[in-house]
Amino acid sequence: MATEGGGKEMSEIKTQFTTREGLYKLLPHSEYSRPNRVPFNSQGSNPVRVSFVNLNDQSGNGDRLCFNVGRELYFYIYKGVRKAADLSKPIDKRIYKGTQPTCHDFNHLTATAESVSLLVGFSAGQVQLIDPIKKETSKLFNEENSCQHLWKVDWSEGGENEGSKTSEKALVTVQRLIDKSRVTCVKWVPGSESLFLVAHSSGNMYLYNVEHTCGTTAPHYQLLKQGESFAVHTCKSKSTRNPLLKWTVGEGALNEFAFSPDGKFLACVSQDGFLRVFNFDSVELHGTMKSYFGGLLCVCWSPDGKYIVTGGEDDLVTVWSFVDCRVIARGHGHKSWVSVVAFDPYTTSVEESDPMEFSGSDEDFQDLLHFGRDRANSTQSRLSKRNSTDSRPVSVTYRFGSVGQDTQLCLWDLTEDILFPHQPLSRARTHTNVMNATSPPAGSNGNSVTTPGNSVPPPLPRSNSLPHSAVANAGSKSSVMDGAIASGVSKFATLSLHDRKERHHEKDHKRNHSMGHISSKSSDKLNLVTKTKTDPAKTLGTPLCPRMEDVPLLEPLICKKIAHERLTVLIFLEDCIVTACQEGFICTWGRPGKVPAEHFFRQEGRLQGVLQD
């Protein structure tokens with residue numbers, strides 16, 4: 001394990017850590033927060049979230065950063081590892097009254113140096129479309145005519161700044177017509193300039209189009225597709241209006257969703273502990289997985305779309321194979337709920353050589369220090385080679401990270417011995433306990449399985465692979481639907497998905513180990529889905545939820561305490577890693593070889609002054 005030493009050492013906040021690539025170092029001068037740098041009293045507030053966008057301007061400072069802290073929303077120029085952060089001059093700052101921002105997402109497709117579209121979800125259920133560069137609020141979704149004041153503040157600090165504090169009125173819904181519950185996740189549909197998807201704590205998701213209105217009356221729905229623990233409805237109206245689609249998924253809150261790298265599949269995690277993966281366009285359920293216990297809180301895709309990682313209230317990270325529809329590994333390193341999981345595309349590696357045995361020393365890994373832009377840009381194409389007919393041996397290592405409410409950052413490597421257990425198992429940083437099984441992968445049925453963005457041949461038979469899901473394909477995945485549903489899908493695709501392009505894009509802590517389910521409180525009769533309460537005791541030990549001894553158990557490469565408050569953000573960038581905690585501090589960790597020398601001089605000088613004091 002990476003966590004070692006006495007109690008005092010374990011309680012210390014770490015400012016650097018070492019992996020095989022080299023030294024990662026916290027850059028204090030690159031820290032972003034509220035302008036006064038005062039820690040935020042996070043009790044009762046929604047998690048701090050961070051969104052990035054690159055405006056591709058010619059100045060070289062194209063990165064922009066948005067984050068929420070309590071009732072406040074900030075928009076800054078992000079200078080990364082190059083220059084110190086200037087907190088006195090946010091491009092835009094907004095303070096909301098009566099509701100709090102909970103999540104946000106930039107439209108990378110339409111972003112320019114003059115304008116950027118930012119979606120913001122709120123605790124009261126609204127979704128706002130704003131342009132923080134133009135300082136405009138263009139639309140508010142899920143609203144009614146009743147309103148109260150929403151304050152927007154253009155922040156300036158210090159006499160030399162030409163700006164001043166201003167305010168303006170905007171509509172805020174008192175009674176929401178579409179969904180009254182908290183927005184848990186909002187994202188633009190990949191490749192679209194106008195479609196976006198919103199998840200709520202009610203367990204519902206809604207597809208919107210920014211060009212359509214929401215209407216002045218509550219929407220009426222008609223059933224489009226229904227399956228095990230999910231239903232999809234279209235909005236029944238004479239003219240096209242929002243929402244275009246309503247998804248009801250599982251039981252309890254829908255905590256997060258993530259699109260596959262090619263935008264064709266959608267992975268959702270819910271408070272009922274289930275991961276559900278859908279084909280987004282055909283609205284078909286591809287596969288499911290159940291947490292060891294408790295709700296699942298976060299989800300992410302591997303860069304090539306072959307694997308999904310989840311984290312949640314069981315303190316574990318779980319790796320699920322998209323092709324085989326089964327759990328292939330779990331990782332244990334956190335001591336509390338896992339808040340965020342994310343893959344690192346800049347460190348994920350594909351080597352056309354024999355798999356290497358690593359001893360862990362810095363000298364053994366000097367030849368791997370070339371991780372960076374070239375590797376990130378070619379990761380997906382090189383990963384696809386792994387499944388080609390080329391007989392040349394290829395070594396694959398996926399890097400992903402996780403942060404949790406235990407204030408710890410963990411980094412993990414998903415290596416050949418886990419991905420392809422028919423090969424000799426390595427004992428480097430993994431504990432593997434594999435149960436013999438000869439059943440074919442679920443979903444294969446003798447046919448090839450296509451991963452998001454890649455076509456691959458059937459997986460090789462593995463005599464020592466894990467048991468595969470027999471229920472992942474309980475429902476037929478035939479592309480031929482009955483007339484009514486086919487007509488509905490065709491109509492929906494014609495009306496709302498015509499602008500989609502083929503592009504690749506990039507909780508409150510209640511320590512409750514209950515395995516029970518939280519029922520949906522919606523009174524809408526159309527929400528009634530054929531839901532059968534899943535007994536956790538009956539799913540444990542099945543392909544939906546293998547026992548701990550039946551799958552490989554990963555150990556983290558590093559597991560470091562890096563904050564005083566629970567961690568809520570983990571983002572991998574080309575030259576750094578970005579984390580954030582509930583106090584409202586957004587921290588930048590410079591990657592090995594990516595930090596300018598002056599950063600170290602400033603940091604060393606600061607440290608020297610502290611020691612002298």
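Once you have a ≥ b ≥ c as the square roots of the Cα gyration tensor eigenvalues for region 185-229, tell me rounded if a/c is under 1.5, and otherwise prolate or oblate according to whether a/b is larger than b/c.
Details: a/c = 1.66, a/b = 1.17, b/c = 1.41.
Cα axes put region 185-229 in the oblate bin.
Just the accessible area per residue of region 3-141, please: how many Å² with a 1.4 Å probe?
Details: 5410 Å² over 139 residues.
For region 3-141, the per-residue accessible area is 39 Å².
Using modelled backbone amide H atoms (1.01 Å from N, in-plane), which distant-in-sequence or interchain residues come within less than 5 Å of GLY287's amide H?
It is VAL277, by chain and number.
Probe of 1.4 angstrom, ligands and nucleic acids ignored: what's the accessible area per residue over region 249-307, in square angstrom? Mind dumping the intermediate values first?
On the way: 890 Å² over 59 residues.
For region 249-307, the solvent-accessible area averages 15 Å² per residue.
Name the long-range amide H neighbours of GLU583: under 5 Å, sequence gap of 5 or more, or other chain; modelled H, no Pro or chain starts.
GLU565
Mind ranking 189-197, 218-226 by how tightly packed they are, going by the mean number of other C-beta atoms within 10 angstrom, highest first?
Values: 189-197: 20.3, 218-226: 15.9.
Packing order, densest peptide first, comes out as 189-197, 218-226.
Please list, in chain and number order, the residues 5+ apart from PHE122 or on another chain whose amide H is under 5 Å from its amide H, with Hs placed from the backbone.
Amide H neighbours of PHE122: THR102, VAL183.
Go through region 118-125 residue by residue and turn each phi into a ³J(HN,Hα) via Karplus (6.51, -1.76, 1.60, θ = phi - 60°); whole Hz please, and just put x for glycine and proline.
10, 8, 10, x, 10, 5, 8, x
What FRET efficiency do you get for LYS14 and ARG37 if R0 is 22 Å and r is their Cβ-Cβ distance, rounded to the nearest 0.05?
Numbers: r = 20 Å, r/R0 = 0.93.
That pair, LYS14 with ARG37, gives E of 0.60.
I need the calculated FRET efficiency for the pair THR110 and SER237, taking r as the beta carbon distance and R₀ as 30 Å, to the nearest 0.05. Provide the component values of the computation, followed by the final result.
Details: r = 27 Å, r/R0 = 0.90.
With R0 = 30 Å, the Cβ-Cβ based efficiency is 0.65.
The values are calculated or read from the model by the stated rules, or taken from the named source; none is laboratory data. Everything numeric in this text was worked out from a predicted model, so none of it was measured. So basically every Cβ, Gly included, is an ideal-geometry build from the backbone, and we count neighbours across all protein chains shown. Please note that ligands, DNA and RNA were not included when accessible areas were found on the heavy atoms of the full protein model with its side chains. Shrake-Rupley method; radii C 1.70, N 1.55, O 1.52, S 1.80 Å.
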